[in-house]
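Have a look at the structure below before the remarks.
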Amino acid sequence: MIDKINDLIQKVEAFKSQAVPEIEEFRIRILGKKGELNALLEEFKTVAPEAKRELGQKINQLKTLATEKIATLKKMAEEQSETAAQTIGDMTRPGSAETAGSRHPISLVRKQILSIFERMGYTVADGPEVEDDWHVFSALNFPPEHPARDMQDTFFIEKNPDVLLRTHTSSIQIRTMERQKPPIRVVCPGRVFRNEAISYRAHCIFHQVEGLYVDENVSFADLKQSILYFAKEMFGEQSKIRLRPSYFPFTEPSGEVDVSCNLCGGKGCNVCKGTGWLEIMGCGMVDPNVLEACGIDSKKYSGFAFGMGIERVAMLKYGVKDLRLYFENDVRFLHQFDAVL
Ligand code: PHE
């Protein structure tokens, strides 16, 4: 019997585990009701009285050893799983949602404008923001003394030869006509720069979409219908347009386009200042001088052009009252456009 006890003592001493269920299983096997210790105690009843003292001590030694060992192993295993839980965290906790970004209102409205004209057969053309005098002014029939060429309106990077920031995307139309023969149907989106004081209604950087259509027999009626179609697509089927005579060096005749105020339905409100109309763009028939400057025969071809500010269209469509909001990147403003596609 003494050998059995010694065997068990060795087994207990050798036992190692970090897993709580495994330790518990070991405890039941040794100290449980039907465990090895109780079996020994049963056997102990039958041993001769003179051997009881020594065997009893051994059994007690085994019992204390097993109890203490199991208790420390369990404690260690529990502590370890606790620190593991602290580093991994609560695996059952629901994750925090990713906040998705959204498109800037200027990008959204640019996309809307372009897609309306793309449906009408226009393609999108691009060009540089840093330009020369020819593409921004001279080819567009600006006389040499025109005030737009003044430093007060234009940001010059260098004078002589002129390197400047484009003041409108009409420069892209010149580049397109230099490259491509009619028929031409392009829309030109882009950033433009003008030396203006920043206020709620003006900014030194803003965005335009300009358009150009050159082919044989392009008439003013085509221009009017194209713009009416655009206004209905952009501001709703009930929209009306009107044209007021205007002046641009590169178009003749020229006009300003007003669209019926979609906030008051044309009755007059504070957005349209009681007139029922909102100005959205400039337009006109391309001046023959511009066609000729780009090597296009103005006897054979005619064309129309138009240009609008994206900020202005977005302002009218979404009731934005201060231009500066587009540039401040305040998420409280930007999130209001989350649902716009
Ligand atoms: N380029 C003009 C502007 O920047 C807009 C325009 C384009 C007007 C084409 C008429 C025709 O204000």
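Readers should treat all values here as calculations from the given coordinates under stated rules, not as data from a laboratory. Small disclaimer: the values here were computed from a predicted structure and weren't measured. Counting neighbours? That spans all protein chains shown, and the Cβs are built from the backbone with ideal geometry, glycine included.
Annotations for the structure displayed:
- Amide N proximity, region 309-336 versus residue 118 label position 7 Å along Cα-to-Cβ, cut-off under 12 Å: none
- In whole percents, the pair-distance distribution calculated for region 2-88 from its alpha-carbon pairs, binned every 10 Å from zero, is 16, 43, 24, 12, 4, 1.
- Cα centroid of region 1-75 to Cα centroid of region 164-216, whole Å: 93
- Modelled FRET efficiency - R0 22 Å, residue 100 with residue 333, Cβ distances, 0.05 increments: 0.85
- The Kirkwood hydrodynamic radius of the chain, based on inverse pair distances between different Cα atoms, is 26.7 Å.
- With pairing defined as another cysteine C-beta under 4.7 Å, the cysteines of the chain that fail it are 188, 204, 283, 294.
- Helix 49-88 vs. the chain, principal-axis angle (Cα, 0 to 90°, nearest 10): 0
- Bridgeable lysines around residue 75 (alpha carbons under 19 Å apart, same-chain partners fewer than 8 residues away excluded): 16, 63.
- C-alpha long axis of helix 2-14 to longest principal axis of the chain, angle in °: 20
- Cβ-defined net charge surrounding residue 255, 12 Å radius [Lys, Arg +1; Asp, Glu -1]: -1
- Whole-number percent relative contact order across the chain, with pairs defined as alpha carbons under 8 Å at least 6 apart: 15
- Inter-label distance for residue 220 and residue 79, nm, one decimal - labels placed 7 Å from Cα along Cα-to-Cβ: 9.4
- Of the GluC sites (Glu not before Pro) in region 143-207, the ones in a loop by DSSP (not H, G, I, E or B) with at most 11 other beta carbons within 10 Å are 145.
- The modelled label-to-label distance between residue 264 and residue 242, using points 7 Å beyond Cα along the C-beta direction, is 1.3 nm.
- Cut-off 14 Å between beta-carbons: net charge of the residues surrounding residue 275, Lys and Arg +1, Asp and Glu -1: +2
- Calculated FRET value between residue 202 and residue 93, using beta carbons and R₀ = 30 Å, to 0.05: 0.05
- Sites listed here are GluC sites (Glu not before Pro) in region 200-287 whose DSSP assignment is loop and whose Cβ has at most 12 other Cβ atoms within 10 Å: 216, 237.
- Equivalent ellipsoid, region 71-163 (semi-axes from 5 times Cα gyration tensor eigenvalues, Å): 67, 22, 10
- Anchor residue 300: lysines whose Cα lies under 28 Å away (excluding residues fewer than 8 positions away in-chain): 181, 224
- Using alpha-carbon coordinates, inclination of helix 170-179 to the longest axis of the chain, degrees: 80
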